[in-house]
Amino acid sequence: MRSSVHNSSTGSRSNSAIRTGKLFVLAGPSGVGKGSIVRELVSRDPESLSLSVSVTTRAPRPAEVDGVDYFFVDDDAFDRMIRAGELLEWAEIVGHRSGTPRGFVEDRLAAGRDVVLEIDVVGASQIRDRVPGSALIFVEPPSMEELERRLRGRGTETEDRIRLRLETAEWEMEQRAWFDHVVVNDDLERASSQVAAIIEAYRSA
Ligand code: 5GP
């Protein structure tokens, strides 16, 4: 299935270029700090960079707000969205499903705004196949030990879930070869600046 997302520049009848937005994907293991990087980037540049809010079937964590962190839905609603073609991509993530609402992304790109998705590697591979021209950025931890420390530090998950996330992370690390860029998140400020520089390079290309 191909997406109808347009993300290349198109000429109008008067020949002046209309800039459509660019889709950036930040993927990598759970707990690597993608969310912090994305929040930092959007806060630096809220006018031209929008973060897509995902739909998920998992329960909200304390302090998570519906419509801000995620749109929290049940399995039936998620199934309906898949059937209606409303998800640009989706994946199963340790016992639940999360996906990107298509409408928001298409509207923003059409309006010339850039959009960033903070998703897992399976979802990123769907974007690679469905949205040609999107920029795929893999965020990796300085080490697997550090990733484990961060996952445990969240204090929100059972031991089984943490083990599952670490096993998934090993497979995800092998997938970074097909990404356009790899950024190590050893320091939030530095990693955010590196991703900002990548985005800037695409904008000025
Ligand atoms: P968490 O449950 O900790 O919020 O997220 C777990 C993983 O799901 C993270 O790696 C996150 O990037 C990923 N994720 C969040 N939203 C989406 C989505 O819409 N699509 C996909 N494929 N992954 C997502």
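Values in this text are rule-based calculations from the coordinates and carry no lab data. The structure displayed is predicted, hence computed values, not measured ones. No Cβ is skipped: glycine too gets one built from the backbone with ideal geometry, and neighbour counts run over all protein chains shown.
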>> Restricting to DSSP loop positions (anything but H, G, I, E, B) with no more than 10 other Cβ atoms inside 10 Å of their own Cβ, which GluC sites (Glu not before Pro) remain in segment 31-64?
In response: GLU47
> If each of ASP45 and GLU200 carries a label point 7 Å out from its Cα toward its Cβ, how far apart are those two points in nm?
Replying inline: 0.8 nm
> log10 I(q)/I(0), Debye, Cα-only the chain, no solvent, q = 0.09, 0.15, 0.18 Å⁻¹?
Replying inline: -0.34, -0.97, -1.41
> Mind ordering 69-78, 125-134, 26-35, 97-106 by average Cβ neighbours within 10 Å, highest first?
Replying inline: 26-35, 97-106, 125-134, 69-78
> Considering the dipole of the chain built from charges on the beta carbon (Lys and Arg +1, Asp and Glu -1) around the Cα centre, which of HIS181, THR56, PRO142 is farthest to its positive end?
Replying inline: HIS181
>> Using Cα-Cα distances under 8 Å and only pairs 6 or more residues apart, what relative contact order does segment 109-205 have, in percent?
In response: 34 percent
>> Between ARG19 and ASP187, what is the label-point separation in nm under the 7 Å Cα-to-beta-carbon projection?
In response: 3.0 nm
